[in-house]
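Undergrad: I am attaching a structure below and will ask some questions about it afterwards.
The values are calculated or read from the model by the stated rules, or taken from the named source; none is laboratory data. Computed from a prediction, not measured in an experiment: that's the story for all the values here. Heads up, the Cβs are rebuilt from the backbone with ideal geometry, glycines too, and the neighbour counts pull from every protein chain shown.
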Amino acid sequence: MNVPMNPDRLQPSRRQVLAGGGALIVSFSLTDAFAQDQAAPAAASAPSPPGSLKTSPYLDSWIRIDADSSITVFTGKDELGQGFKTAFQQIAAEELDVPFASLKVVTADTKLTANEGYTSGSHSMQDSGTAIQNAAAQTRALLVAEAAKRLDLPAEGLKTENGAVIAPDGRRLSYGELVASDMLHVQAQAKSTLKDPATFRIMGQPVPRVDIPAKVTGGAAYVQDMRLPGMVHARIVRPPGYGAELSACDASAVEKMPGVVKVIRDGNFLAVVGSKEFQTVKAMKALAAAASWKEHASLPKQNDLAAMLTSLPAQSSTIFERSDPAVRGERTIEASYTRPYQSHGSIGPSCAVAQLADGLMTVWTHTQGVYPDRQAIAEMLHMPASNVRCIHVEGSGCYGHNGADDAAADAALIARALPGTPVRVQWTREQEHAWEPFGPAMITKLKASLDGDGKIADWNFEVWSNTHSMRPGGAGCLLAAQHIAQPFAVPPGKPLPLPEGGGDRNAIPIYSFPNAHVVHHFLPDMPLRISAMRSLGAYHNVFSIESFMDELASLAGADPVEFRLKHLDDPRGREVIEKAAQGFGWRRDQKAPPDRGYGFAFARYKNLAAYCAIASEVEVNRETGRPRLVRAVAAVDSGQVVNPDGLTNQIEGAIVQSMSWTLYESVTFDESRITSIDWQTYPILRFDAVPDQIDVHIINRPGKPFLGSGETGQGPAAASIANAIANATGKRLRHLPLTRRRIKDAIDA
Amino acid sequence: MTTLKVNGHEHQIDAEPDTPLLYVLRDDLKLNAAKFGCGLGQCGACTVIVDGKAVLSCVTPLMLLEGKQVTTLEGLGTVSEPAPIQRAFMEEQSAQCGYCIAGMMMRAQALLQRNPKASDEQIRTELAPHLCRCGTHMRILRAVRRAARLMDTAELLPADQRSAP
């Protein structure tokens, strides 16, 4: 991806200096100062610096040191509740040799930070964390070089401590004294001298999250908590279903309601603005009652998603092929697995604040991508992108593309109609559930054979799926832009390229099979609004592969853990599997207590990010079919660990969330409307089904690259639970969600 | 005008009597902790304490609250002087996005005020109306158990030893 440097960070005078021949850049000859101990990605001629430094190479895009020695770290990624803000602060403090509390982190803002695209795909540590680590190390080296010059001492004899460079004779120059105006406006070198992990004092520690104190004391922590002077409240009246058209709406009575400032109608976009929040809610209800819509029966039959998906036109491609004619299978089985549409289900419905002032549209949003969202909003408003500023402010956890971008667009559209006035848009629960883009429904078909030794001889895997990202994109990805009188067309869905993939994410097995054939049937038609949901296709593909591995292990009469190890060469993967099995107390001849079962599953997310293995124990009430995850033990290898408690929190959360998806969740709809529109019609996990215990074992890899870990648990958790249910009941369930009803029916069958 | 006591202070509220308490707290009194999650009483994010009982503020109209004592998370303590329940949630790092947490804490606070020796089973049952989507449940349970222990001992300690680590 070619991500342009944010022009706002460059003063024109600076740009002229740079354009004048690059003398300023090359004058910093760091070749000697930077040892070759950090491998940069291979490039033929000019090696590029690691992480997001590739696309935003200037050190001052990442780190600013002021004359008073205060330090600010900039990231183009969002804090979404994963704890990155804290982790990035740890990384920068470590490599700069300053106390953790002495610096602050500024997150995604199109005026202030680098363009790092989306905060998604478990990329934040590897993109932004790596950039910050290397930028901080190179900044520290520049400060040391400057001190060496001033003190007339060799740089090797100087050390850094507590925000200062210290000479052997005790002389001390603070970073603020050393930094000159443009010192950090240099391009990063390809290689940095990073600290020896054995000397880490802040990285690797469970530093408490910087955002939690405000969140547990009622501090302003979310975009929902913003109250700008003169701010008004807005509510949208959405159509009752996809493609519904507003045929009539007499808003005159609503306009006279107490507190109502304005009713806005633009094609099928209908909204009301009020000075007090609850008055606006009441006006929204009245406006909804006054509106008549022409609906379309466009949705597919919900009761046979598998047939629906496989009958859609497909663009099929073989994405993996391996052949060894010498190895032949003897016993063959096949199975098909399905996943329904599922909701992100953020606890806080989407919200945004926007203000048009002096020709500049500022949008405070919990979008996952301030730059792409800015582009889309600017296109919708027919404004130059440079006149739109998007600032990330935390919202409720999103787990992918929820209503955030749409709420931002709603707010901007309404704010344009009220110049100067800040407008806060708050979606309702029903709107979030009905209009968020869902995780796509999927179907997989698997077929494999065992050879005479009980090893897998051939493996066939086919997956049918929509794209897994309809993020903006352009304006056509925004609901408001789709609904206005001069609408923007929804762009066609595109398959996401491998190796990360979308519907085919993790479709290629990590195991070594002599014969393997993997086909991706990409489905361009999207009957329901869909987009990225945590782990994309990996959730279902890993559920399918790891369920089928158990079916094959059973056919081979093998222990599921041993069976996996028998097919896996990757040593880090093997260690993760062994660690989880050991932590769980997995034994080859184990037998669960009555009505309980044990399950195991493993994956390396995207086959290139963090490794995760999960063993679980599930109890099933045979009378009701009700399942409960009793305990889970996970092992994870995420490379160099920055904050072990943060990593543990992510894995614990992934297991619990994936359990909820796996046991309870599916979007429902009739021919024209989404019908799962609240927590009664879309039930999720409640406390009565929370496990007794979850243990997470971390395998730290000092000095190794950061591997994304935010999504690595989703697939293994699902398959581990499914395998445990099969172990408990003797029945294999292949259609998500594994509901009480489906389990009961299987037991009774 | 309705007289409402929130966190020990009396307020004259100029809002229509059917206004849910949640909007009074957030819009009129500019308090952040109680969150809008569903407006339907299904998720618990808006929970506050009214006369010692956990109440879903999104479905509790102002007209029912004349003269009652409302406590929100802001009323329990501050970052520098956290209440035991707040200290426990900080110490256990019991949040991911944290949007649901304030409501959870208020119901747990009401439970522990009533029954400081609440069992794990009672804590789970009490928290049943609350949803968390990040999957932080294990930590939330740990924090409530820790809060119960802290409440047992906190009053014995002088204020300067009650701060968060």
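Undergrad: Across the range A:631-656, what is the number of residues that are within 14 Å of chain B (Cβ to nearest Cβ) and farther than 14 Å from A:G129 by Cβ?
TA: Residues in the range A:631-656 being within 14 Å of chain B (Cβ to nearest Cβ) and farther than 14 Å from A:G129 by Cβ: 14 in total.
Undergrad: To continue, here is another question. Could you go through the range B:34-43 and let me know if any residue there is of a type in the set (A, V, I, L, M, F, W, C), touching a residue at least 24 places away in the same chain (Cβ under 8 Å) and away from chain A (no Cβ under 13 Å).
TA: no
Undergrad: From the list B:Q96, B:Q109, exactly one residue is under 30 Å from A:D645 (Cα atoms), in contact with a helix residue (DSSP H, G or I) (Cβ under 6 Å, 6 or more places away or on another chain) and more than 11 Å from chain A (Cβ to nearest Cβ). Which is it?
TA: Exactly one residue qualifies, and that residue is B:Q109.
Undergrad: Does the range A:631-638 include one or more residues that are touching a residue at least 60 places away in the same chain (Cβ under 8 Å), assigned by TED's automatic domain parsing to the domain that holds A:R741 and surrounded by fewer than 20 Cβ atoms within 10 Å (Cβ to Cβ)?
TA: Within the range A:631-638 (the criterion being touching a residue at least 60 places away in the same chain (Cβ under 8 Å), assigned by TED's automatic domain parsing to the domain that holds A:R741 and surrounded by fewer than 20 Cβ atoms within 10 Å (Cβ to Cβ)), the answer is yes, since at least one residue qualifies.
Undergrad: Any idea which of A:I674, A:I725, A:I699 is in contact with a Ser or Thr (Cβ under 8 Å, 6 or more places away or on another chain) and among the β-branched types (V, I, T)?
TA: Working: A:I725 fails: in contact with a Ser or Thr (Cβ under 8 Å, 6 or more places away or on another chain); A:I699 fails: in contact with a Ser or Thr (Cβ under 8 Å, 6 or more places away or on another chain).
From the options A:I674, A:I725, A:I699, the qualifying one is A:I674.
Undergrad: Can you pull out the residues in the range A:302-361 that are within 14 Å of chain B (Cβ to nearest Cβ), touching a helix residue (DSSP H, G or I) at 6+ places or on another chain (Cβ under 7 Å) and in a loop (DSSP other than H, G, I, E, B)?
TA: A:S343, A:S346, A:G348, A:P349, A:S350
Matching residues to (1) surrounded by 23 or more Cβ atoms within 10 Å (Cβ to Cβ); (2) within 30 Å of A:R265 (Cα to Cα):
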position: A:G454; (1), (2): no, no
position: A:D458; (1), (2): no, no
position: A:E462; (1), (2): no, no
position: A:P472; (1), (2): yes, yes
position: A:A475; (1), (2): yes, yes
position: A:G493; (1), (2): no, yes
position: A:P497; (1), (2): no, no
position: A:I510; (1), (2): no, no
position: A:P514; (1), (2): no, no
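Undergrad: Test each condition in (1) over 23 Å from A:R64 (Cβ atoms); (2) away from chain B (no Cβ under 14 Å); (3) touching a Lys or Arg at 6+ places or on another chain (Cβ under 9 Å) for A:A198 and report the one that comes out false.
TA: A:A198 satisfies all of (1) over 23 Å from A:R64 (Cβ atoms); (2) away from chain B (no Cβ under 14 Å); (3) touching a Lys or Arg at 6+ places or on another chain (Cβ under 9 Å) except (3).
Undergrad: Next question, about the same structure. When A:N268 is evaluated against the numbered criteria (1) in contact (Cβ under 8 Å) with a residue 60 or more places away in the chain; (2) touching a Cys at 6+ places or on another chain (Cβ under 9 Å), which criterion, by number, is the only one it fails?
TA: Unmet condition: (2).
Undergrad: What number goes with the only condition from (1) under 30 Å from A:L498 (Cα atoms); (2) at pLDDT 95 or above that A:M284 does not pass?
TA: The failed condition is (1).
Undergrad: Give me a count of the residues in the range A:60-111 that are more than 26 Å from A:A164 (Cα to Cα) and part of a loop (DSSP other than H, G, I, E, B).
TA: 11
Undergrad: Sticking with this one: Return the only residue of A:I319, A:I264 being at pLDDT 95 or above and not assigned by TED's automatic domain parsing to the domain that holds A:I236.
TA: Numbers: A:I264 fails: not assigned by TED's automatic domain parsing to the domain that holds A:I236.
A:I319 is the lone residue from the list that is at pLDDT 95 or above and not assigned by TED's automatic domain parsing to the domain that holds A:I236.
Undergrad: Among all residue pairs at least 6 apart or on different chains, which show Cβ distances below 7 Å where the first residue, located in the range A:687-709, is within 14 Å of another protein chain (Cβ to nearest Cβ) and the second is of a type in the set (A, V, I, L, M, F, W, C) and part of a loop (DSSP other than H, G, I, E, B)?
TA: Pairs that qualify, where the first residue is within 14 Å of another protein chain (Cβ to nearest Cβ) and the partner is of a type in the set (A, V, I, L, M, F, W, C) and part of a loop (DSSP other than H, G, I, E, B), are A:F687/B:L127; A:F687/B:A128; A:D688/B:A128; A:S709/A:A610.
Undergrad: Between residues in the range A:476-495 that are of a type in the set (K, R) and residues that are buried (at least 19 other Cβ atoms within 10 Å of the Cβ) and in a loop (DSSP other than H, G, I, E, B), which pairs lie under 9 Å by C-beta distance while being six or more apart or on different chains?
TA: What qualifies is A:K494/A:T467; A:K494/A:S469; A:K494/A:G502.
Undergrad: Still on this structure, I have one more. What's the number of the condition A:G274 fails, among (1) crowded, with 21+ Cβ neighbours inside 10 Å; (2) touching a helix residue (DSSP H, G or I) at 6+ places or on another chain (Cβ under 6 Å); (3) away from every other protein chain (no Cβ under 14 Å)?
TA: If we test A:G274 against (1) crowded, with 21+ Cβ neighbours inside 10 Å; (2) touching a helix residue (DSSP H, G or I) at 6+ places or on another chain (Cβ under 6 Å); (3) away from every other protein chain (no Cβ under 14 Å), just (3) comes out false.
Undergrad: While we're looking at this one, here's another question. If you scan the range A:403-440, which residues turn out to be part of a helix (DSSP H, G or I), closer than 23 Å to A:P340 by Cβ, under 19 Å from the mean Cα position of the chain (by Cα) and more than 14 Å from chain B (Cβ to nearest Cβ)?
TA: A:D406
Undergrad: Is it the case, given these coordinates, that B:I85 is buried (at least 22 other Cβ atoms within 10 Å of the Cβ), within 25 Å of A:Y399 (Cβ to Cβ) and modelled with pLDDT of 95 or more?
TA: Answer is no for this residue.
Undergrad: So, one more: What pairs come up if the first residue lies in the range A:354-366 and is within 9 Å of A:A412 (Cβ to Cβ), the second is at pLDDT below 95, and their beta carbons are under 8 Å apart, counting only those six or more places apart or on different chains?
TA: No pair meets every condition.
Undergrad: Would you mention how many residues in the range A:533-558 are in a helix (DSSP H, G or I) and either touching a residue at least 12 places away in the same chain (Cβ under 8 Å) or touching a Pro at 6+ places or on another chain (Cβ under 7 Å) (or both)? Outline the logic, then answer.
TA: First pass over the range A:533-558, keeping only residues in a helix (DSSP H, G or I): A:538-556.
Restricting the remaining residues to those that are either touching a residue at least 12 places away in the same chain (Cβ under 8 Å) or touching a Pro at 6+ places or on another chain (Cβ under 7 Å) (or both) gives A:538-553, A:555-556.
Final tally of qualifying residues: 18.
Undergrad: Follow-up question, since we're still on this one. Among (1) within 8 Å of another protein chain (Cβ to nearest Cβ); (2) more than 14 Å from the chain's Cα centre (by Cα), where does B:S80 come up short?
TA: (1)
Undergrad: I'd like to know if the range B:113-130 contains one or more residues that are within 11 Å of chain A (Cβ to nearest Cβ) and buried (at least 24 other Cβ atoms within 10 Å of the Cβ).
TA: Yes.
Undergrad: Does A:A581 fit the bill of being part of a strand (DSSP E or B), in contact with a strand residue (DSSP E or B) (Cβ under 9 Å, 6 or more places away or on another chain) and within 18 Å of A:V696 (Cβ to Cβ)?
TA: no
Undergrad: If A:E623 meets every condition in (1) part of a loop (DSSP other than H, G, I, E, B); (2) touching a residue at least 24 places away in the same chain (Cβ under 8 Å) apart from one, which number is that one?
TA: (2)
Undergrad: Mind listing just one residue for me: the one in the range A:730-743 that is out of contact with any Lys or Arg (no Cβ under 8 Å at 6 or more places or on another chain) and outside any loop (DSSP other than H, G, I, E, B) and, of those, surrounded by the most Cβ atoms within 10 Å (Cβ to Cβ)?
TA: Initially, the range A:730-743 is screened for residues out of contact with any Lys or Arg (no Cβ under 8 Å at 6 or more places or on another chain), giving A:730-732, A:734, A:737-739, A:741-742.
From what's left, outside any loop (DSSP other than H, G, I, E, B): A:741-742.
Working: A:R741: 12, A:R742: 19.
That would be A:R742.
Undergrad: Here is a further query. Output the residues belonging to the range A:368-393 that are polar (S, T, N, Q), in contact (Cβ under 8 Å) with a residue 60 or more places away in the chain and more than 14 Å from chain B (Cβ to nearest Cβ). Lay out the reasoning, then the answer.
TA: Filtering the range A:368-393 down to residues polar (S, T, N, Q) leaves A:368, A:375, A:386-387.
Narrowing the set further to residues that are in contact (Cβ under 8 Å) with a residue 60 or more places away in the chain leaves A:368, A:375, A:386.
The answer is A:Q375, A:S386.
Undergrad: Can you tell me which residue is surrounded by the most Cβ atoms within 10 Å (Cβ to Cβ) among those in the range B:44-77 that are facing another protein chain (nearest Cβ under 9 Å) and hydrophobic (A, V, I, L, M, F, W, C)?
TA: Only one residue tops the list, namely B:L73.
Undergrad: What number of residues within the range A:160-178 satisfy the criterion of being under 20 Å from A:D68 (Cα atoms) and either of a type outside the set (V, I, T) or at pLDDT below 95 (or both)?
TA: 12
Undergrad: Also, quick follow-up: Suppose the filter is assigned by TED's automatic domain parsing to the domain that holds A:V519, in contact (Cβ under 8 Å) with a residue 24 or more places away in the chain and either more than 28 Å from A:D304 (Cβ to Cβ) or in a loop (DSSP other than H, G, I, E, B) (or both); does A:S396 pass it?
TA: no
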